[in-house]
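Just below is one structure, and these are the notes that go with it.
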Amino acid sequence: MTGRKEKNKIKKCPLCSGGMSDGTTATSFFIGERIIVVKDVPAEVCGDCGEAYMKSIVVDRIETLLDKLEDLHSEVSIVHYEAA
Ligand SMILES: [Zn+2]
């Protein structure tokens, strides 16, 4: 929110210049021997190549979620973003 009037143009994918739209993605993190999969993460998804881009505020929230999961001892954890 810069105060300037934003142009309502469609974002382009940095990889293929395809059109981006809001969607969700799943992302995985490897922490030592453990794998944590986070599902239903809000992201902008390319309609052409399927590449997903998460906003920094979303990444911050996932990092908080991963901190909470450090106490778990399962090798594979699957969590939903909304549980963060
Ligand atoms: Zn693309």
Is there a residue in region 4-12 that is modelled with pLDDT of 90 or more, surrounded by fewer than 16 Cβ atoms within 10 Å (Cβ to Cβ) and over 10 Å from the mean Cα position of the chain (by Cα)?
yes
Unmet criterion (only one of (1) within 14 Å of Val79 (Cβ to Cβ); (2) of a type in the set (D, E, K, R); (3) touching a residue at least 40 places away in the same chain (Cβ under 8 Å)) for Glu33:
(1)
Tell me which residues, restricted to region 31-56, are within 16 Å of the ligand (Cβ to nearest atom), over 12 Å from the mean Cα position of the chain (by Cα) and either among the charged types (D, E, K, R) or farther than 18 Å from Ser21 by Cα (or both).
Asp48
Go through (1) more than 16 Å from the ligand (Cβ to nearest atom); (2) assigned to a strand (DSSP E or B) and name the single condition Val59 misses.
(2)
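The values are calculated or read from the model by the stated rules, or taken from the named source; none is laboratory data. Note that the structure is predicted; figures quoted are calculated from it, not measured. All Cβ positions, glycine included, derive from the backbone under ideal geometry; neighbour counts span all protein chains shown.
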